[in-house]
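FYI, it's all coordinate maths here, none of it is from the lab. What you see is a predicted model, and the numbers here were worked out from it, not measured in a lab.
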């Protein structure tokens, strides 16, 4: 009986020790409450500036538009979206990905240069 009691006591002590989280680590655990209530992907607003020396016809989501030289173009796209070349030029082929939206682009200027 004493061996059984000692075994159960050590098992309980071991399980309590394994579930202990030091206060310094507990403070670094962050739960995003916003993620539970928001449906859909997060959008990022930024500007694209074409400095390639020629206008670029691009496809942004399902919309085709032209990026004029040195004129900022404001976009608001979900993270992971792509801006793709729609018309070939001397530098780009149709389907080349110019920009893939990242959360770090928020309120930034994304500048397109020559290859």
inquiry  = What whole-number volume per residue, in cubic angstrom, does the convex hull of the C-alpha atoms of the range 41-112 give?
reply    = 73 Å³
ask   = Tell me, what is the percent relative contact order of the range 41-112, built from C-alpha pairs under 8 Å that lie six or more residues apart?
value = 40 percent
